[in-house]
1. Amide H to amide H under 5 Å from A:Leu21: which residues, 5+ apart in sequence or cross-chain, H placed 1.01 Å off N in plane?
2. Amide H neighbours of B:Val55 under 5 Å, counting only residues 5+ apart in sequence or on other chains, H built in-plane at 1.01 Å?
3. Hey, what do the phi angles of region A:61-75 turn into as Karplus ³J(HN,Hα) couplings, whole Hz, using 6.51/-1.76/1.60 and θ = phi - 60°, x for Gly and Pro?
4. Determine the dipole magnitude for chain A: charges of +1 sit on the beta-carbon of Lys and Arg, -1 on that of Asp and Glu, nothing else is charged, the reference point is the Cα centre, and the result goes in debye to the nearest 20.
5. Rounded if a/c is under 1.5, else prolate if a/b is larger than b/c, else oblate: which is region A:1-88, with a ≥ b ≥ c the root eigenvalues of its Cα gyration tensor?
6. Given a Förster radius of 25 Å and the C-beta distance between B:Asp56 and B:Trp22 as r, what FRET efficiency does 1/(1 + (r/R0)^6) yield to the nearest 0.05?
7. Two decimals, Cα atoms only, Kirkwood Rh: what is Rg/Rh over the protein assembly as shown?
8. Provide B:Leu70, B:Leu46 in ascending order of the number of other Cβ atoms located within 10 Å of each residue's Cβ, fewest first.
Amino acid sequence: AQKVTQAQTEISVVEKEDVTLDCVYETRDTTYYLFWYKQPPSGELVFLIRRNSFDEQNEISGRYSWNFQKSTSSFNFTITASQVVDSAVYFCALSEVGDYKLSFGAGTTVTVRA
Amino acid sequence: EAGVAQSPRYKIIEKRQSVAFWCNPISGHATLYWYQQILGQGPKLLIQFQNNGVVDDSQLPKDRFSAERLKGVDSTLKIQPAKLEDSAVYLCASSDLLGGNTEAFFGQGTRLTVV
């Protein structure tokens, strides 16, 4: 069975602060994908990144960066120099190779105050 | 490129009534998913289609929920009769798995309130 845990329910920061979102997962599969999605108040889930289990390289995209550590089953997400527009709920998700069904964590609500 | 379209955006019904949601996926996406998102939780998969065939409906409460994708494009999700605990956002997503792309693209969802 797959399980994704996002221990942080809510995080509140002041603009320009960095914020790190934790994600821990469980799976019996050796091959799998990890994802992060952003859900702004409009409700639509916006795809941010996909990482496959064979690729442990960290990735940076603008102000976003991701740290994948297979040894600790973690896939953490950092927003550098946060902005008000980053305020949203962020979901970590896991899928098996094959059917690609997403198992989501409970989400972390990020509030960035001006 | 147009995204995943869903309608209606909001629906309020009384318990024991029926309701239907519609989804139009991204053009060319053979895989379509329906997820249920209860307030404060992550989305949970209800059903997955590949073209017009069901891949997985193990989490669909089949005594009251049904879904179809007759022509392999649009899909409808129906609840009959609705219960209070069905209040949630119903998200439709599509992906181009057959084309080797695993990212799922989501619509804005239908927010259902059962009173």
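Values quoted throughout were computed directly from the atomic coordinates according to the rules given, and no laboratory measurement underlies them. Note that the structure is a prediction, hence the values are computed from the model and not measured. Every residue, glycine as well, gets a Cβ built from its backbone with ideal geometry; the counts of neighbours run over all protein chains shown.
1. Excluding prolines and chain starts, which carry no amide H, the hits are A:Phe77, A:Thr78, A:Ile79.
2. Under 5 Å from the amide H of B:Val55: B:Gln48, B:Phe49, B:Gln50.
3. Per-residue couplings from phi come out as 9, x, 8, 9, 9, 10, 10, 9, 10, 5, 5, 10, 6, 10, 9 Hz.
4. Dipole magnitude for chain A comes out near 60 debye.
5. Values: a/c = 1.89, a/b = 1.65, b/c = 1.15.
Taking the square roots of the gyration eigenvalues as a ≥ b ≥ c, region A:1-88 is prolate.
6. It comes out at approximately 0.75.
7. Using only Cα positions, Rg/Rh for the protein assembly as shown is 0.97.
8. Values: B:Leu70 9, B:Leu46 20.
Going from least to most buried by this count: B:Leu70, B:Leu46.
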